[in-house]
Amino acid sequence: MHTTPILVLMARKGGVGKSTLATLLARVYAASGLRVTLVDLDPQGTSTQVLGPDLGCETEELGACLSAGRAIHHLVQETDLDRLRVLPASEGLTVYETQLAADPMGVAKIQRSLRSLSSSAAELVIVDTPPTLGAFTFGALTAAHWV
């Protein structure tokens with residue numbers, strides 16, 4: 001079975017260019033011919049605003065999927081750039097991260113949801129995480145092939 005590689009970008013401090021780097025890497029890899037999905041797990045949604053300012057995050061559905069460890073590939077949306085898709089974020093995700101942090105299986109559920117993207121059309125998944133060491137970041141790190 002083919003596993004789509006997952007690259008996670010993280011920083012413990014905000015304002016250091018993590019989201020900028022995530023969007024630039026996504027664009028470069030897509031321009032090189034790879035089909036890329038950028039997952040914006042940062043509730044600030046900077047990557048979403050840069051790649052698809054008109055995209056709407058299905059906050060409730062994404063939060064429910066992450067909370068249950070279910071597949072999230074159906075929430076990925078097209079951007080204006082060829083071969084680049086994004087799973088958008090919104091501030092409402094903060095509530096779900098807090099709930100998942102209190103769940104003993106929260107990190108494993110996030111990992112399972114992110115790894116479900118291996119069955120999507122993406123050849124590379126890039127994850128932009130919040131500037132904290134919370135459940136979203138730890139879940140992404142456990143799903144990652146590269147950090």
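In table form, for the structure just shown:
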| item | result |
| --- | --- |
| Relative contact order (percent, whole number), the chain, Cα cutoff 8 Å, 6+ residue spacing | 41 |
| Residue-normalised accessible area of the range 29-147, given per residue in Å² at a 1.4 Å probe | 44 |
| DSSP bridge pairs, the chain: antiparallel proportion in percent, nearest 5 | 10 |
| For the range 77-86, Karplus couplings with θ = phi - 60° (6.51, -1.76, 1.60), whole Hz, Gly/Pro x | 10, 6, 10, 6, 9, 4, 6, 10, 10, 9 |
| Amide H partners (placed H, <5 Å) of residue 127, local residues excluded | 7, 8, 9, 39 |
| Rounded FRET efficiency, nearest 0.05, which uses the C-beta distance separating residue 133 from residue 24 and R0 of 25 Å | 0.55 |
| Convex hull (Cα only) mean projected area of the range 1-73, reported in nm² to one decimal | 6.1 |
| Residue-by-residue Karplus 3J(HN,Hα) for the range 94-107, coefficients 6.51, -1.76, 1.60, Hz, glycine and proline x | 4, 4, 5, 5, 4, 5, 5, 5, 7, 8, x, 9, x, 5 |
| 222 nm mean residue ellipticity, helices alone, for the chain (DSSP H n ≥ 4; -39,500 (n - 2.57); rounded to 500) | -11500 deg cm²/dmol |
| Label-reachable residues, the range 31-74, where backbone N falls under 19 Å from a point 7 Å from residue 98's Cα toward its Cβ | 41-45, 59-68 |
| Cα-based Kirkwood hydrodynamic radius, the chain, one decimal, Å | 14.6 |
| Solvent-accessible area, 1.4 Å probe, carbon plus sulfur percent, for the chain | 56 |
| Solvent-accessible surface ranking, highest first, for 142, 137 at 1.4 angstrom | 142, 137 |
| Accessible area of residue 73 in the full protein assembly, 1.4 Å probe (Å², nearest 10) | 80 |
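The values are calculated or read from the model by the stated rules, or taken from the named source; none is laboratory data. What you see is a predicted model, and the numbers here were worked out from it, not measured in a lab. No Cβ is skipped: glycine too gets one built from the backbone with ideal geometry, and neighbour counts run over all protein chains shown. The protein model used for the area step is the full one, side chains on, heavy atoms only, and it has no ligands, DNA or RNA in it. Shrake-Rupley method; radii C 1.70, N 1.55, O 1.52, S 1.80 Å.
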